[in-house]
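Colleague: First the structure, which I've put down as structure tokens, then a few questions once you've had a look.
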Amino acid sequence: MRTFIDEVILDLIKKEHDISQLSFVLPSKRAGTYLRHTISRHVNQTIFSPDILSIEEFIEILSDLQYATNAELLFEFYSVYLKLTPKQHVEPFEKFSKWAQILLQDFNEIDRYLISPNKVFDYLSSIKELEHWSLNENPTTYIKNYLEFWNRLKFYYAELQNKLRQHKKGYQGFVYREAVQNIEQFISLNTEKTFVFIGFNALNKAEELIIQELLQQDLALVYWDIDETFINNPIHDAGLFTRTHKKQWTYYQKHEFNWIGNHYSEEKNINVIGAPKNISQIKYVGELLHQMHAKKGNLENTAVILGDETLLLPLLNSLPQSIRDVNITMGLPLKVIPLASLFEMLFSIHKTKTFSFYYKDVIDILSNPFVRVLFENDSHNVAQDIIDHIQYHNKVYLNLEDLKALAKLFKESISLIFGIWDNDTSQAIKNCVLLILQIKAKLDLDKSKNLLSLEYLYRFNQVFNTLDNLNASFSHINSVVTLFSLYRELIKSETLDFKGEPLQGLQIMGMLESRVLDFETIILTSVNEGVLPAGKSNNSFIPFDVKVENNLPTYKEKDAVYTYHFYRLLQRAKTAYILYNTEPDVLNGGEKSRFITQLEVDGCHDIKQQVVAPKVPSIQTKTLSIQKTPDVISRLNTIASKGFSPSSLTNYIRNPIDFYYEKILGIKQYEEVEENVAFNTLGTVIHNTLEDFYHPLVGEFLTTSHINNMFAKIHARVTSNFKTEFKDGDMTRGKNLIIFEIAQRYISNFLNLELDDVKRGNKIKILAIEANNKVSVYIDRLSKTVNLTGKVDRIDKYNGTIRIIDYKTGRVDASKVEIVNWEDLTTDYTKYSKSFQILMYAYMMHKANSIVLPVEAGIISFKNLNSGVLKFAIKPSTHSRTKNQIISMETLDAFEIELKKLICEIYDPNIDFIEKEV
């Protein structure tokens, strides 16, 4: 393939230029590598390498200034702002930095296009005065201050330039303006040199003036990369800037405008592919590359151009493993690196002075992989121990001493992470740097496995060194909040650069990195409105009409820049895959780009279009099924020897797989910190409180005196039980305080119910409280004995009738403790689980000879106390309303049949544990 750079070098050789004596100026540094390689291929003798500069480097030399970093500019500007702004109107640095960035960008544009600053700023001030005109002679203080701000802009501008000039530094526009002022002196000192400008398109006024001046003095050659299709079409945006240069530059009134190509009209294979969402695009790129690599064997002349550069990481994860040679031109922004999240969390917990830390923040930090390495102790990780302790003891807030006590061997690391910064920015930076060094020391122990992580640490160490230098040079970072905002600004603009072989294998780059470069095959992603082109975005204090009046670029010109880049990529390409998102949204761009529509309308090429969807395997919702192996049966025997409880059996009825996980495998439910009291904790507290009240009364008849004594102890007992169950959780505020009051109210309401019963003359004798039962049952079909176990909340004798009572803090209705068909008892969990539970209690107590039949059994629902004891009943299958609420021997015999059937099913090796929809 013959590229544009090939054509330039061959033309220079043909015209017998001494390549080593030329100075090449290119739009980007990236193109310089290709240019040097091209020279080595075409020059058949040993020569000194010529000077190869990017346009920014060339302008920097010309101006005799250095580019200041964004952070340096902000601090210098803030110094100017403090000097020129009345004290009562001064904003803190973090607020200032938000609008100062925009204003600096406006300063930049004014200087790059050599506009008179006073003209623009006076114009802006006049506009603002017109916007706030009033019939009153004296404007309000607010409007007066507002207008004064706009009047001060030109003074900010002038003073900032003076300050930067003293340090021999500048923002891009200022450097360009200085370069223009120095051009005559530069020419006089470089009369023997020839500057070759390659592949430029959209030039600002300063660049135009410099290049034209060098052309007039016969010190420059310009190689445009433009196709006749675009330059000859007066309305095609790809040729907008080149047409303007050809028409307006005085040099081209006397000289030929060369280098108009005709590559675009050559035959091309252009494929436009729609894919739903960004990840589908990237996955499809992976498939394309796999096909190409299988077909060609190498991807030397292939480039993936990311319209949306944030998709770099997904792309890297989607590359086929068969592709070994990959070169990434674009850097990976530091803000997306995993280490960034660690410092984000540290700043979040320390930006306000606090002596206690929220448990979720502590767990998030200790779960970070970079932090975990600090707490490794042999095969044991102390960070996990701390997390387990927080969850077990229900710690919602922890202080530094708590954490040190939990990590006695790692107090230094704990202090670095959780030590109070006390709004001291120097201490904050120091802690972060020391933390990086500690992590590095740990990772160095196995350097070969941690090369990428160590590279992350190195870049972040540089970021904090920069912050330290700025903090030492300026007095504006006076709070951790300010430091945090500056840290965010830095990692937003800083990148982790990849090292690779720039001339081999697959090339991955952004749109701007592709300038001047040509590839046989290109894959261009995210060709949607709002991405390519970016569309209307006016991040500027200068209104649109003022920009037009002063020939400053607007969104129209910026769109034309990307139009040129888009079509230039297609000029020499033989195959192009243009991908767009078919499911646009606010964040990821709009509809299919106008560039694609324009390709279709132009009619120069046959455009193949298709919409693809990711190859998602059809996932059939397969019911999980676990066979009962001998090991499972053995485990069931172990459970049977300890005893099947009513809850374990109803758990099996509800979903056999849950029974398998919990009982066979012994997998416990993950315990989280209860920030707010969980419903089961509330139930336990109420059960334990009633046990405290009633246990001393076993064997006695309940009296009004007993109950009145209980009323007096409600607060103390509920408090004590919450302390036991909720451990270190805070019950004094928020939802927890409400739940605490609910618990007291439930118990108080229940005692009122008991009091009314006693006052009406009902005799209630407490027989047992939280009675443990364990009985053995022989199963004929299994030829084995199994144990049943369970704890009954309360057994009493009510007017001579024994009652088995189970407390439920949730709502239970009478229908939930009634049955019609016994066969349904072990199949329908929702309807009959409560009936199964209380019948099993009655069955166990009868087998243990703890009760004499007949008895009653029921549930007291604390959310349905008005219904009293909800008694178990057998409803006749006929329309008769008579219910049998007595549990007799006949009842327990019927229950025993269903119970044994259920246990036989659990043991049956031919019946798998099959998942049920819950």
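Colleague: What nm distance separates the two modelled labels at residue 189 and residue 118, each placed 7 Å from Cα along Cα→Cβ?
Modeller: 3.0
Colleague: Output the Kirkwood hydrodynamic radius of the stretch 13-97, Cα pairs only, in Å rounded to one decimal. Spell out each step's value before the answer.
Modeller: On the way: mean 1/r = 0.0597 Å⁻¹.
One over the average 1/r among Cα pairs gives 16.8 Å for the stretch 13-97.
Colleague: May I ask you to give the average projected area over all directions of the convex hull of the Cα atoms of the stretch 318-452, in nm² rounded to one decimal?
Modeller: 10.7
Colleague: Taking N as the number of residues in the stretch 306-382, what value does Rg over Cα atoms divided by 2.2 N^0.38 Å take? List each step's numbers first, then the result.
Modeller: On the way: Rg = 17.7 Å, N = 77, 2.2 N^0.38 = 11.5 Å.
The value comes to 1.55.
Colleague: Another question, if that's okay. Extension gain residue 539-residue 647, at 0.36 nm per residue separation less the Cα-Cα distance, in nm? Write out the running numbers ahead of the final one.
Modeller: Working: separation 108, 0.36 × 108 = 38.88 nm, distance 6.36 nm.
Gain on extension, residue 539 to residue 647, equals 32.5 nm.
Colleague: Whose amide H sits under 5 Å from the amide H of residue 726, counting only residues 5 or more places off or on another chain, with H placed in the peptide plane?
Modeller: none
Colleague: Still on this structure, I have one more. For residue 270, list long-range residues whose amide hydrogen, built 1.01 Å from N in the peptide plane, is under 5 Å from its own amide hydrogen.
Modeller: 576, 608
Colleague: Suppose every Lys and Arg Cβ carries +1 and every Asp and Glu Cβ carries -1, with no other charges. What dipole size does the stretch 412-515 come out with about its Cα centre, to the nearest 20 debye? Kindly include the intermediate steps, with their values, before the conclusion.
Modeller: Working: 10 positive and 12 negative charges, 35 e Å.
Here the stretch 412-515 has a charge dipole of around 160 debye.
Colleague: Tell me, what is the per residue accessible area of the chain in Å², probe radius 1.4 Å?
Modeller: On the way: 44960 Å² over 918 residues.
Spelled out: the 1.4 Å probe surface of the chain, per residue, equals 49 Å².
Colleague: Mind checking which aspartates and glutamates have their C-alpha under 20 Å from residue 791, skipping anything on the same chain fewer than 8 residues away?
Modeller: Answer for residue 791, where 20 Å is the Cα cut-off: 662, 691, 692, 725, 770, 806, 856, 896, listed by chain and number.
Colleague: A further question on this structure: Hey, can you grab everything whose amide H is under 5 Å from the amide H of residue 194? Only 5+ residues off in sequence or another chain; H modelled, so Pro and N-termini drop out.
Modeller: Long-range HN contacts for residue 194: 23.
Colleague: Still on this model: Towards the positive end of the charge dipole of the chain, with charges on Cβ (+1 Lys, Arg; -1 Asp, Glu), say which of 316, 236, 222 has the farthest Cα.
Modeller: 316
Colleague: Any aspartates and glutamates with Cα under 20 Å of the residue 95 Cα? List them, leaving off those in the same chain fewer than 8 positions away.
Modeller: Within the straight-line limit of under 20 Å, residue 95 reaches these aspartates and glutamates: 72, 76, 106, 148, 344, 424, 489.
Colleague: Still on this model: Tell me, what ³J(HN,Hα) does each residue in the stretch 706-714 have, in order and in whole Hz, if you take phi through Karplus 6.51 cos²θ - 1.76 cosθ + 1.60 with θ = phi - 60° and put x for Gly and Pro?
Modeller: These are the phi-based 3J(HN,Hα) values: 4, 5, 4, 5, 5, 3, 5, 9, 3 Hz.
Colleague: A further question follows. Looking at this model, which pairs from 723/871; 83/144; 169/492 are more than 28 angstrom apart at the alpha-carbon?
Modeller: Numbers: 723/871 33 Å; 83/144 20 Å; 169/492 22 Å.
Over 28 Å apart, Cα to Cα: 723/871.
Colleague: Take the alpha carbon atoms of the stretch 425-454, find their center, do the same for the stretch 635-650, and report the distance between the two centers in whole angstrom.
Modeller: Distance between centres, Cα-based: 51 Å.
Colleague: Once every DSSP H run of n ≥ 4 in the chain is given -39500 (n - 2.57) and the sum is divided by its residues, what mean residue ellipticity at 222 nm do you get, rounded to the nearest 500 deg cm²/dmol? Walk me through the intermediate numbers first.
Modeller: On the way: 35 runs with 451 residues, N = 918.
After summing the helix terms and dividing by residue count, I get -15500 deg cm²/dmol.
Colleague: Relative to the present Cα-Cα distance, how much length would full extension add between residue 885 and residue 397 at 0.36 nm per residue of separation? Each step should come with its number before you reach the end.
Modeller: On the way: separation 488, 0.36 × 488 = 175.68 nm, distance 5.08 nm.
Fully extending the segment from residue 885 to residue 397 adds 170.6 nm.
Colleague: Still on this structure: I'd like the distance between the alpha-carbon centres of the stretch 463-540 and the stretch 806-842, rounded to an integer number of Å.
Modeller: Centre-to-centre distance over Cα atoms comes out at 64 Å.
Colleague: Taking 28 Å as the cut-off for C-alpha to C-alpha distance, list the pairs among 774/816; 784/808; 87/547 that go past it. Walk me through the numbers before you get to the answer.
Modeller: Working: 774/816 26 Å; 784/808 34 Å; 87/547 32 Å.
Beyond 28 Å between Cα atoms: 784/808; 87/547.
Colleague: Can I ask one more? How big is the stretch 713-835 by Rg and Dmax over its Cα atoms, in Å?
Modeller: Cα radius of gyration and Dmax of the stretch 713-835 are 19.3, 57 Å respectively.
Colleague: Here's something else I'd like to know. Give the carbon-plus-sulfur fraction of the accessible surface of the chain in %, rounded to a whole number; probe 1.4 Å, heavy atoms of protein chains only. Mind showing how you got there, number by number?
Modeller: Values: 21780 of 44960 Å².
Within the chain, the accessible surface is 48 percent carbon and sulfur.
Colleague: Looking at the chain, which longest stretch skips every one of the chymotrypsin sites (Phe, Trp or Tyr not before Pro) that is in a DSSP loop with at most 12 other Cβ atoms within 10 Å, leaving the sites themselves out?
Modeller: Details: sites that count: 48, 133, 355, 670.
Within the chain, the longest run free of exposed chymotrypsin sites (Phe, Trp or Tyr not before Pro) spans 356-669.
Colleague: Continuing with this model, one more query. If you wrap a convex hull around the alpha carbons of the chain, what volume per residue comes out, as a whole number of Å³?
Modeller: That works out to 286 Å³ per residue.
Colleague: Roughly speaking, what is the stretch gain from residue 348 to residue 824, that is 0.36 nm per residue apart minus the C-alpha to C-alpha distance, in nm to one decimal? Please report the intermediate quantities before stating the final value.
Modeller: Working: separation 476, 0.36 × 476 = 171.36 nm, distance 5.59 nm.
That works out to 165.8 nm of additional length.
Colleague: Right, another one. Which FRET efficiency value, to the nearest 0.05, do you get for residue 29 and residue 620 by plugging their Cβ-Cβ distance into 1/(1 + (r/R0)^6) with R0 = 41 Å? Working shown, then result.
Modeller: On the way: r = 53 Å, r/R0 = 1.30.
After rounding to 0.05, the efficiency reads 0.15.
Colleague: Related question: Starting from the eigenvalues of the Cα gyration tensor, five times each then square-rooted, give me the equivalent ellipsoid semi-axes of the stretch 781-917, largest first, whole Å. Working shown, then result.
Modeller: On the way: eigenvalues 127, 68, 48 Å².
Computed over the stretch 781-917, the values are 25, 18, 15 Å.
Colleague: Using R₀ = 22 Å, calculate the FRET efficiency as 1/(1 + (r/R₀)^6) where r is the Cβ-Cβ separation of residue 708 and residue 763; round to 0.05. Write out the running numbers ahead of the final one.
Modeller: Working: r = 18 Å, r/R0 = 0.82.
It comes out at approximately 0.75.
Colleague: Please turn the phi angles of the stretch 182-196 into ³J(HN,Hα) values with the Karplus equation 6.51 cos²θ - 1.76 cosθ + 1.60 (θ = phi - 60°), one per residue in order, whole Hz, x for glycine and proline.
Modeller: Once θ is set to phi - 60°, the couplings for the stretch 182-196 become 9, 4, 5, 5, 4, 5, 5, 8, 10, 5, 9, 8, 10, 9, 10 Hz.
Colleague: Also, I was wondering about something else. Can you tell me the orientation of helix 93-112 relative to the chain, as the angle in degrees between its alpha-carbon axis and the longest Cα principal axis, to the nearest 10?
Modeller: For helix 93-112, the angle is close to 30 degrees.
Colleague: Which pairs break 28 Å Cα to Cα here: 360/411; 277/351; 335/440; 797/834; 205/268; 727/916? All intermediate terms of the calculation are to be shown ahead of the outcome.
Modeller: Working: 360/411 20 Å; 277/351 37 Å; 335/440 20 Å; 797/834 21 Å; 205/268 36 Å; 727/916 35 Å.
Pairs exceeding 28 Å: 277/351; 205/268; 727/916.
The values are calculated or read from the model by the stated rules, or taken from the named source; none is laboratory data. These numbers come from a predicted model, not from an experiment. Reconstructed Cβ throughout: ideal geometry from the backbone, glycine too, with neighbour counts over all protein chains shown. Calculation scope for accessible area: heavy atoms of the full protein, side chains included, ligands and nucleic acids excluded. Shrake-Rupley method; radii C 1.70, N 1.55, O 1.52, S 1.80 Å.
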